[in-house]
Amino acid sequence: MSSGMLYGGDEIGALVFDPGHHSLRVGYAQEDTPKAEIPSVVGVAPGDPIKLESEAKPDDSNISSTPSSWKYYIDTIYLHTPRPNMELHSYMKDGMIENWEYFEKMMDYSYEKIIQSESHFHPVLFSESPWNQRQKREKLTEIMFEKYKVPAFYLVKNAALAAFANGRATALVIDSGATHTSAVPVLDGYVISNAVVKSPLGGDYLVLRAREMLESLGLDLTPSVLIANKEVVRDKDKPRYTKKAFSFDITNSWMTYMTKKTVQDFQQSVLQVSESPYDERVAASIPMVHHEFPTGYHQDFGSERFKLAEGLFDHAMLGAGYIAATSAGMCDVDIRPALYSSVVLTGGNSLVQGFSDRLSKDLSSRTPGSMRLKMIAANGTVERRFGAWVGGSILASIGTFQQMWMSMQEYQECGKAQIDRKCP
């Protein structure tokens, strides 16, 4: 390290940030789980003269362009409260950071409320998607050094981190998140980028399908925050509840977000992937699952649980098994055995009941006879949802990693382009 300063060890805590479409995971390296998981949306509303406590500070730079300064609402508690004219925006697009202004608000919040420490004390390790663009990597590097004055910075592909979290340096990582599912081959800790295959089917796709189905059944998806009280009703009876009254109109973007949360709850507790391709008779023979909605309405769900989840696998070109086999097939024939023998499953959407068994079955039917297939799917929900974060936590605390950081000194000498050399 050129500056002679060691960033590892117990004296100074490196921070690990793992941004995704569903949430941003943030915490200290060496810990088992992130300190916080913050939803990846920012509520933006026109500022008002009344100062509410503990919210992101209004930004002064854009006051001139707008009549009143904007206020930003971040994290679950603030997002789940409806406010006049509050629109929700995501700063992510296609697995990459798109809106830098909102992203910086998120970082300010993380340092101020979660880490509660000055940014210039902590080296930062960031995860990124395998297809992240060069200018975005450089922009992030610039923001971290210029605005947050971090002493050192490093960028790693999230698939490589998920492999590390599962004790592998070489693996075929199947990452199923909110907006897409990807198959990424990792060799000795480096992503083989020309063999990455991704499909637009993820958690959000399931939520969309589930919402369509529930609405076609005429179910009321009013989110719980809008319900003042409700009565107990019998199975399949019309719900009886009182809505909270607000003096203002609730924005569409807020309503959409909260309804999505209601459907997500249904998706996570009810949906299940069948072990073999969907068969009406088999699905009908499996016991039904009971679910109650925030309105108090409740009923049993049977075969539709499997029918909906089948969407992640039944698409010829987009199914998880297909993209995994395609990705392995695009790699050099010599490394395929190593990839097939450590297929790592990660991402929150992979926690849909039965997902790993079905993927295993799908993949084994596509695996060449000479190969040994081994699937590695952590049992705990934490390891699966925060796979990349956990890998980052491990990596940033390893002794041999300490000379790999890009230091502030290097940044000042060589500029932001140095990140492409330091973090391939």
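Figures for the structure shown
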{"item": "Failed criterion for residue 195 (all others in (1) more than 25 Å from the chain's Cα centre (by Cα); (2) outside the structural domain of residue 304 (by TED's automatic domain parsing) hold)", "result": "(1)"}
{"item": "Boolean, residue 232 is part of a helix (DSSP H, G or I) and of a type outside the set (Lys, Arg)", "result": "no"}
{"item": "Exclusive hit being modelled with pLDDT under 95 and more than 18 Å from the chain's Cα centre (by Cα), set 119, 68", "result": "68"}
{"item": "Of all residues making up segment 157-174, the number that are closer than 18 Å to residue 360 by Cβ and either free of Cβ contacts under 8 Å to residues at least 24 places away in the same chain or buried (at least 24 other Cβ atoms within 10 Å of the Cβ) (or both)", "result": "6"}
{"item": "Subset of segment 394-411 that is touching a helix residue (DSSP H, G or I) at 6+ places or on another chain (Cβ under 8 Å) and either free of Cβ contacts under 8 Å to residues at least 40 places away in the same chain or part of a helix (DSSP H, G or I) (or both) - its residue that is surrounded by the fewest Cβ atoms within 10 Å (Cβ to Cβ)", "result": "404"}
{"item": "Tabulated pairs, segment 73-102, first over 15 Å from residue 20 (Cβ atoms), second of a type in the set (Lys, Arg) and crowded, with 18+ Cβ neighbours inside 10 Å, C-beta under 9 angstrom, 6+ apart or interchain", "result": "73/83; 74/105; 80/261; 83/71; 86/71"}
{"item": "Complete set of residues in segment 187-224 that are in contact (Cβ under 8 Å) with a residue 12 or more places away in the chain and of a type in the set (Gly, Ala, Ser)", "result": "189, 193, 195, 199, 202, 203, 210, 224"}
{"item": "Any hit, segment 284-291, residues being buried (at least 21 other Cβ atoms within 10 Å of the Cβ) and assigned to a helix (DSSP H, G or I)", "result": "no"}
{"item": "Segment 307-329: number of residues that are modelled with pLDDT of 95 or more, among the hydrophobic types (A, V, I, L, M, F, W, C) and either assigned to a loop (DSSP other than H, G, I, E, B) or touching a strand residue (DSSP E or B) at 6+ places or on another chain (Cβ under 6 Å) (or both)", "result": "3"}
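The values are calculated or read from the model by the stated rules, or taken from the named source; none is laboratory data. The structure displayed is predicted, hence computed values, not measured ones. Note that each Cβ is placed from the backbone with ideal geometry, even for glycine, and that neighbours are counted across all protein chains shown.
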